[in-house]
Structure formats: structure tokens, C-alpha cells
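The values are calculated or read from the model by the stated rules, or taken from the named source; none is laboratory data. These numbers come from a predicted model, not from an experiment. Quick reminder, even Gly has a Cβ in these numbers, built from the backbone with ideal geometry, and neighbours come from all protein chains shown.
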Amino acid sequence: MRRAKRWILFMTFCVMLGLSVALFLGLNDFDVSDDTVLNLSFTSNQNVLAGSLILPEHISKPPIAIIVHGDGAQTRFSDDSYLPMVNHLLKQGIGVFSWDKPGVGESTGDWLQQSMQDRSDEVIAAYNKIHSLPALKGSPIGFLGFSQAGWVLPIVTNEMTPAFTVIVGGAVNWRHQGAYFTKRQLEAQGLSSEQVAYQVADNLTRNDAIFASSDTLNPSLRPDMNPKRFAFVARNYASDATPYLGTMQGPVLALWGADDQNVDPAYNQAIYQQVLQPNKEQSAIILQQATHGLLNATWFDYQLPSEWSLWSQGLFLLMGHHAYAPKALDTIGGWINNVTREAENR
């Protein structure tokens with residue numbers, strides 16, 4: 001009996017120790033207090049954008065990844081949810097710069113008043129700011145963009161040549177992305193394939209009638225939308241990256257999660273593969289077991305942040321960078337290091 005009790009106590013201790021270590025490691029991924037952090041600002045279209053540059057320790061001329069946000073009112077590190085990724089990149093010797101979107105955090109303006117061209121202008125202004133820093137002279141500077149950045153970065157890379165461009169979960173066509181988003185929502189509700197197809201087509205027809213013509217831009221036609229959001233969608237409804245993809249300059253890595261509920265990975269990968277230039281280190285890859293943001297779909301298979309349960313939020317804190325799909329962060333960091341080193345050795 002004593003032996004059994006000792007065994008139970010020993011196993012309990014081991015479990016508690018393991019959980020404590022995991023919790024410490026996970027929470028440590030959200031801490032950048034020991035890193036070199038430089039807060040700086042830049043201007044674009046009369047907006048003053050405030051951001052943070054974080055540099056890896058003991059690395060001379062590190063690559064710098066400028067983060068380009070997806071949709072929504074996002075702070076520079078998306079309410080700290082980006083920090084596990086940021087910390088992992090820092091460990092791979094890659095610096096990161098990101099800023100609060102217009103009207104969010106410490107930045108002025110209103111992101112809902114932007115077009116994709118406005119966002120592209122803003123990204124180029126951010127690049128110029130980082131490129132102008134004497135401390136980063138010689139550092140290769142590129143982009144790491146998410147979701148809506150799939151319409152922004154192709155424009156940017158037709159106007160300039162960055163050291164690298166990574167696009168995660170980017171859609172080519174705004175209308176198609178909206179239809180796919182709706183399709184996945186309806187499928188989750190348990191509708192039949194016939195019902196889904198009918199409702200998706202009907203929804204697309206109605207949206208075309210509302211957003212595709214300036215004569216029908218009336219927010220009352222979409223009472224489910226805030227008027228500012230309505231204007232933002234109307235401004236960008238015709239967005240299509242197709243004209244820009246074949247002439248993107250510099251190395252390009254486009255990534256999608258196989259379990260993406262927001263953007264059709266196979267459809268968009270096929271378009272990228274048709275126009276990218278492999279001889280210029282441009283490729284398009286689908287990662288297995290990955291969501292729209294490349295998190296592990298086993299635990300974080302959600303379409304919207306609002307769908308996350310308290311349990312899943314706690315698990316994300318516990319797991320830190322391990323919450324990402326297998327090899328997702330290593331794929332990004334390894335590719336950035338490879339293309340920048342190869343460029344340096346030429």
C-alpha cells in the first residue's frame with residue numbers, strides 16, 4: 001500500500017512538474033522584456049504610425065521582417081498573439097518590425113478608410129523608415145504578411161524589390177475569398193452541399209449588386225455591417241492580386257494552411273504556381289495540419305478569433321510557439337535565412 005501511495009505521489013509530482021515547465025516555456029514566448037526593443041514611428045498619408053523594432057542578440061546585420069497585418073483593428077503585435085512567432089524568429093537571428101494599424105493603439109488615422117493601395121503606401125513607408133536606420137545598414141529587409149496582406153504585398157513588390165516576401169494565407173480575389181469564407185461557415189452549420197452551393201451563389205449575387213456599382217453604395221442594404229465597415233468593403237471589393245503576382249520582385253514564399261477556413265488554399269496556390277518564377281526563388285506551399293494563421297489545426301481550428309473558447313485561449317498561452325503547425329515557423333525562418341544568405345554570397 002505504501003509503495004502504491006509513493007508511486008501515485010511520484011507520478012503526481014512528475015505531472016505537476018511537467019505542466020509547470022510547459023507553462024513557463026509557453027509564457028516565456030510572450031515576453032520580450034529582455035530583448036532589444038526600439039519604439040519608433042513613421043508617417044504615411046498624413047497618419048503617424050507607431051511601432052516597435054525588436055532585434056536578435058549578438059547578430060550583426062540581421063534580416064529584418066516587417067510584419068504586414070491582416071484585416072481588423074490590430075495593434076503592432078496583435079494584442080501580443082504574435083509574440084510567440086516573434087520570439088521564434090528572434091531565436092533564428094531575424095529581427096522584426098511591426099506597427100499599430102491607423103487609429104489603433106498609438107497610431108493616428110483610421111484603418112477602415114484605407115484602400116489596398118493606401119496600405120501598400122504605408123508598407124513602403126515602413127520599409128523606408130527601417131532602411132534609413134544607421135544601426136541596420138547592410139541588413140536585408142523584407143516582409144512577412146498575413147491574410148489581407150495578400151492584396152497589399154503584391155502591389156508593394158511591383159514598386160520595389162525587398163530582400164524577401166512571405167505571404168501567409170493570402171487570397172488572390174476578394175470576391176472569391178468572401179464566397180469561400182461563407183461556404184465554410186455554412187458547412188459548419190451542417191447544411192447539405194446543395195444548400196451550401198445555393199446560398200453561396202445567392203450571397204455572392206447580392207454582394208455584387210450592393211458593392212460592385214457606385215450607384216448602390218447604400219449602407220442600409222447591409223444592416224449587419226457598421227457603416228464604416230461597409231465603406232471599407234465597398235472600397236476594396238474589386239481587389240484582385242492577379243495583375244501583380246507574375247511581376248513580384250525578389251524572393252517570394254506564399255504559404256497556406258491545409259485546414260484554412262478563411263482562404264481556399266488549393267485554389268490560391270494554383271494561381272500563384274502558374275505565375276511565380278521559381279528561378280527567382282519564388283514558391284507557393286501548403287502546410288499540413290495548419291490553419292489560416294498556420295496554427296496547429298488539431299487545437300486551434302477556428303475561423304474567427306471571436307470563436308476561441310477560454311480553454312483554447314489558455315492552451316495557446318500554455319503552448320507558446322508550439323501552438324503553430326509542425327515546422328511552420330521553422331519553414332518561414334529557415335527560408336528567410338537561406339535566401340538572404342544566398343543573396344549575400346552572390
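Below are the figures for this structure:
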quantity	calculated
Hits in region 235-265 (condition: touching a Pro at 6+ places or on another chain (Cβ under 7 Å) and free of Cβ contacts under 8 Å to residues at least 60 places away in the same chain)	A258
Residue match in region 110-129 (condition: over 15 Å from L49 (Cβ atoms), part of a loop (DSSP other than H, G, I, E, B) and either modelled with pLDDT of 95 or more or in contact with a Gly (Cβ under 9 Å, 6 or more places away or on another chain) (or both))	yes
Residue pairs meeting the criteria (Cβ under 6 Å; at least 6 apart or on separate chains; first aromatic (F, W, Y), in region 326-342; second outside any helix (DSSP H, G or I))	W335/L253
Subset of region 281-304 that is closer than 18 Å to D79 by Cα and free of Cβ contacts under 8 Å to residues at least 24 places away in the same chain - its residue that is surrounded by the fewest Cβ atoms within 10 Å (Cβ to Cβ)	L304
Matching residues, region 150-189, being in a loop (DSSP other than H, G, I, E, B) and under 16 Å from the mean Cα position of the chain (by Cα)	F164, G169, G170, A171, V172
Residues of region 214-259 classified as acidic (D, E), surrounded by fewer than 14 Cβ atoms within 10 Å (Cβ to Cβ) and under 22 Å from the mean Cα position of the chain (by Cα), total	0
Index of the failed condition, N262 passing every other in (1) surrounded by 16 or more Cβ atoms within 10 Å (Cβ to Cβ); (2) part of a helix (DSSP H, G or I)	(2)
Members of region 44-74 that are assigned to a loop (DSSP other than H, G, I, E, B), buried (at least 17 other Cβ atoms within 10 Å of the Cβ) and within 13 Å of the chain's Cα centre (by Cα)	H69, G70, Q74
Members of region 81-95 that are closer than 13 Å to S52 by Cα and within 13 Å of the chain's Cα centre (by Cα)	Y82, L83, V86
Residue identified as within 24 Å of Q303 (Cβ to Cβ) and either in contact with a strand residue (DSSP E or B) (Cβ under 9 Å, 6 or more places away or on another chain) or acidic (D, E) (or both) among Q289, Q261	Q289
Yes/no for L19 being surrounded by 11 or more Cβ atoms within 10 Å (Cβ to Cβ), in contact with a helix residue (DSSP H, G or I) (Cβ under 7 Å, 6 or more places away or on another chain), at pLDDT below 50 and hydrophobic (A, V, I, L, M, F, W, C)	no
